[in-house]
Amino acid sequence: MKNQEKIKIGWFSFSCCEDNTIVMTEVMNDHWQEWKKIFDFRHVRVLKSKNIMDEFDIAFIEGAIASPEHETQVTEIRKISKKLVAVGACAVVGLPAGQRNDFTEDQRASIEFLVERFGVLPKVKKVSEVVRVDVEIPGCPMDPKNFLDKVNALVAELQSK
Amino acid sequence: MHKFDLSLDHITKVEGNASLHISVEDDKVKNVKFIIGENKRFFTEAMKGKTISAIPQHLSRICGTCSNAHLLCAIEACENALKIQPSKQTEILRSLTMHGLIIRDHALHLYLFCIPDIFNVDAFLDLDENDPIQHQILHDGFDIKSAGNYLATLIAGRSVHAIYPVVGGYLHFPDQAGVDEAIEKLNFIRPAVLRLIEIFKNCSFHFDRKTHYMALVPDKTFGYMNGSIITSQGEKYGEDQFRSHLEHVVLPYSQASAYTYDKEGYMVGSLARLNLAKDKLHKKTKKSLDKILDLFPSTDIFYNNLAQAIEILHSIDESIDLLKENTFKQEPIKKVEIKESVGIGVIEAPRGTLYHKVVIGADGKIKEGEVIVPTGQNQINIERDVGILVERLLPDTSKDKIAFEIEKLIRAYDPCMSCASHFLKVKWNKKTNKKIKN
């Protein structure tokens, strides 16, 4: 990648509370001028309306995979992304979004009609159960410094090519 | 005469995943469905069997951006159940935690979600740094967010899923250097907030119609933690009357519960709070606003944005006073004595009134719980308003323009779908897709 080319960013939220999205927008408070120069925020629904789904240098995946539609979407994102980064606990370990996986029989019975109604997966999955993940940033929410370190390492790697 | 269906599959620049479907026949709106499509994570079901100490952190995970509001509301519910009276210092730290949240969360909504519409750009970062006004707005937005984030982190440990507030008190207390820095940051952003208020006072977007509203109104100073629930019709309810004044409505197409009051939609949030309690704002805030406060009470939903900007100013002025007038000391956590009990927490989250209910067993574990969130309360109003808006725009407006206007209107409500999607308790009537009252 030539240095002057902007790095194409995708940010996608699946089943979660979007805490990592909020942390990302808070990290942006101190880094927005630098990010504006080096990043092409190509598909980030929290930031923009005209999102483009063609190719990404880095796709960030937040949240667990809870439905067949999620499986299809994250598989498509993987195909068009050089690097795929799972951010936050729900993406990395599948919890707490997937807490229904560990429900008792009584608890399962009480939510059964909703699981059936909305056609979700029988078991909620972490991202790496569905697609290959290049980098994991754990935490509930992710730690801002760890996020920044991982992002900077990916930027350096992509710009060196 | 127009006949068409319009679908917005992903409403952007809002918190979470929502879509909207609207059917038009003969220039009349036949049907509006505001669909909260976040996958349910079953937080209330998962409360069962957890200990009291785990509940605030558990319910905080309902929503990232509102997390500290859920945290404090759950703590209040548990403390009310167990008759724990927080110390004066704890009450001050909780108020400061909420002020940090209000500053950070409203700034995110106003700058990153709403201002692009005013300046006709797609994203906040698309503002032109070479234009002096837009350059200033870019810096103002991130400076205000940063100050709110700093205050929340200083007082509560984190601005998202805070770690210091617990049932019975706080685990950590701010040091003087941190307090001094917070005061400096808050004073620094005050002029920026005054500029923000001017932007939304002068904004040309308006949508007015008759509607009801309600909020938790404090007895004394404008705030978010205590008081009585007051309605625009003049009725008053105690915090302990958990949802007895609300009617639960199931929307079969949405993964969220909706509510009506007196069989009609109503709105909650900043606009409702300003309408009902503007006279309780900080005196410095009132002095700076002068005649702007004459715009309230209002039922123009776009003044919800102005009300949020005013709340940021109040939270700054109130926080500076609280930080200057108090010295924070180490304090033990109040002891918890377990007993079979029911507790209710009610607070004003950034987007409106938030209710938590806990039922605690003799073993100290949760038997059941319930949560009512602001967006669920606004949902019926959002659908009705979208219908009115579209009929006002027909027949001479393009579908693209209608879609843009709908998104603007929905953004003014500042809905939070992460919050809204988890509290559908009622079994579906599988034979009908009609709304079912519960």
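The values are calculated or read from the model by the stated rules, or taken from the named source; none is laboratory data. Please read all numbers here as calculations on a predicted model, not as lab measurements. Please note: Cβ atoms are built from the backbone with ideal geometry, for glycine as well, and neighbour counts cover all protein chains shown. Side chains are part of the model used for accessible areas, which takes the heavy atoms of the whole protein and leaves out ligands, DNA and RNA. Shrake-Rupley method; radii C 1.70, N 1.55, O 1.52, S 1.80 Å.
If you check B:276, B:289, B:293, which single one turns out to be touching a strand residue (DSSP E or B) at 6+ places or on another chain (Cβ under 7 Å) and part of a helix (DSSP H, G or I)? Quick ask: steps written out before the conclusion?
On the way: B:289 fails: touching a strand residue (DSSP E or B) at 6+ places or on another chain (Cβ under 7 Å); B:293 fails: touching a strand residue (DSSP E or B) at 6+ places or on another chain (Cβ under 7 Å).
Just one listed residue meets the conditions, B:276.
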Exercise for the section: Would you confirm whether any residue within segment B:77-100 is farther than 15 Å from residue A:17 by Cα, within 14 Å of another protein chain (Cβ to nearest Cβ) and either in a helix (DSSP H, G or I) or open to solvent by less than 10 Å² (accessible area, probe 1.4 Å) (or both)? Expected result: yes
Practice task
For residue A:69, indicate whether it is touching a strand residue (DSSP E or B) at 6+ places or on another chain (Cβ under 8 Å) and more than 8 Å from chain B (Cβ to nearest Cβ).
Solution key: no
Exercise for the section: Test residue A:50 against the stated conditions and say whether it is open to solvent by 20 Å² or more (accessible area, probe 1.4 Å), charged (D, E, K, R), within 8 Å of chain B (Cβ to nearest Cβ) and in contact with a helix residue (DSSP H, G or I) (Cβ under 9 Å, 6 or more places away or on another chain). Expected result: no
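In the set B:224, B:266, which member is modelled with pLDDT of 95 or more and either hydroxyl-bearing (Ser, Thr, Tyr) or under 22 Å from residue B:313 (Cβ atoms) (or both)? Talk me through it step by step, then tell me what you get.
On the way: B:266 fails: modelled with pLDDT of 95 or more.
Sole residue among the options that is modelled with pLDDT of 95 or more and either hydroxyl-bearing (Ser, Thr, Tyr) or under 22 Å from residue B:313 (Cβ atoms) (or both): B:224.
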Handout entry: Only listed residue being crowded, with 22+ Cβ neighbours inside 10 Å, at pLDDT 95 or above and among the small types (Gly, Ala, Ser), chosen from B:349, B:277
Key = B:349
Practice task
Enumerate the helices (runs of 4 or more DSSP H) found wholly within segment B:358-422, keeping only those where 3 or more residues are open to solvent by less than 10 Å² (accessible area, probe 1.4 Å), touching a Ser or Thr at 6+ places or on another chain (Cβ under 8 Å) and over 18 Å from residue B:300 (Cβ atoms).
Solution key: B:374-393, B:417-420
Problem - Selected residue [β-branched (Val, Ile, Thr) and more than 16 Å from the chain's Cα centre (by Cα)] from A:38, A:58 - result: A:38
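May I ask you to verify whether residue B:70 is touching a residue at least 40 places away in the same chain (Cβ under 8 Å), in a helix (DSSP H, G or I) and either within 11 Å of chain A (Cβ to nearest Cβ) or crowded, with 24+ Cβ neighbours inside 10 Å (or both)?
Details: touching a residue at least 40 places away in the same chain (Cβ under 8 Å): yes; in a helix (DSSP H, G or I): yes; either within 11 Å of chain A (Cβ to nearest Cβ) or crowded, with 24+ Cβ neighbours inside 10 Å (or both): yes.
Against the criterion (touching a residue at least 40 places away in the same chain (Cβ under 8 Å), in a helix (DSSP H, G or I) and either within 11 Å of chain A (Cβ to nearest Cβ) or crowded, with 24+ Cβ neighbours inside 10 Å (or both)), residue B:70 qualifies.
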Handout entry: Output for segment B:190-204, where each listed residue is crowded, with 18+ Cβ neighbours inside 10 Å and under 30 Å from residue B:392 (Cβ atoms)
Key = B:196, B:197, B:199, B:200
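Taking residue B:157, is it under 23 Å from the mean Cα position of the chain (by Cα), farther than 26 Å from residue B:114 by Cβ, within 14 Å of another protein chain (Cβ to nearest Cβ) and not hydrophobic (A, V, I, L, M, F, W, C)? Show your work before the answer.
On the way: under 23 Å from the mean Cα position of the chain (by Cα): yes; farther than 26 Å from residue B:114 by Cβ: yes; within 14 Å of another protein chain (Cβ to nearest Cβ): yes; not hydrophobic (A, V, I, L, M, F, W, C): yes.
Answer is yes for this residue.
Can you find, within segment B:205-220, the residue that is nearest to residue B:317 (Cα to Cα) among those that are open to solvent by 70 Å² or more (accessible area, probe 1.4 Å) and touching a residue at least 40 places away in the same chain (Cβ under 8 Å)?
Here is the first cut: in segment B:205-220, the residues open to solvent by 70 Å² or more (accessible area, probe 1.4 Å) are B:206, B:208, B:210, B:219-220.
Next, from what is left, pick out any that are touching a residue at least 40 places away in the same chain (Cβ under 8 Å): B:206, B:208, B:210, B:220.
Details: B:206: 28, B:208: 30, B:210: 32, B:220: 16 Å.
Looking at residues that are open to solvent by 70 Å² or more (accessible area, probe 1.4 Å) and touching a residue at least 40 places away in the same chain (Cβ under 8 Å), I get B:220.
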Practice task
Determine whether segment B:244-251 contains at least one residue that is free of Cβ contacts under 8 Å to residues at least 24 places away in the same chain and either over 28 Å from residue B:392 (Cα atoms) or surrounded by fewer than 18 Cβ atoms within 10 Å (Cβ to Cβ) (or both).
Solution key: yes
Exercise for the section: List every residue pair whose Cβ atoms lie under 9 Å apart, where the two residues are 6 or more positions apart in sequence or sit on different chains, the first residue falls within segment B:120-139 and is away from chain A (no Cβ under 13 Å), and the second residue, located anywhere, is open to solvent by less than 50 Å² (accessible area, probe 1.4 Å) and assigned to a helix (DSSP H, G or I). Expected result: B:136/B:192
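Could you list all residues from segment B:164-201 that are basic (Lys, Arg) and either without any contact (Cβ under 8 Å) to a residue 60 or more places away in the chain or in contact with a His (Cβ under 7 Å, 6 or more places away or on another chain) (or both)? Before you say what the answer is, go through the steps one by one.
Filtering segment B:164-201 for residues basic (Lys, Arg) gives B:185, B:190, B:195, B:201.
Once the filter is applied, which keeps residues that are basic (Lys, Arg) and either without any contact (Cβ under 8 Å) to a residue 60 or more places away in the chain or in contact with a His (Cβ under 7 Å, 6 or more places away or on another chain) (or both), segment B:164-201 yields B:185, B:195.
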Practice task
Return a yes/no flag: does segment B:316-334 have any residue that is open to solvent by less than 10 Å² (accessible area, probe 1.4 Å), in a helix (DSSP H, G or I), modelled with pLDDT of 95 or more and of a type in the set (Ser, Thr, Tyr).
Solution key: yes
Practice task
Of all residues in segment B:160-189, count the ones that are within 12 Å of another protein chain (Cβ to nearest Cβ) and open to solvent by 10 Å² or more (accessible area, probe 1.4 Å).
Solution key: 2
Fill in the blank from the handout: The condition of being touching a helix residue (DSSP H, G or I) at 6+ places or on another chain (Cβ under 7 Å), surrounded by fewer than 22 Cβ atoms within 10 Å (Cβ to Cβ) and either within 22 Å of residue A:139 (Cβ to Cβ) or within 14 Å of chain A (Cβ to nearest Cβ) (or both) holds, among B:28, B:50, B:40, only for B:50
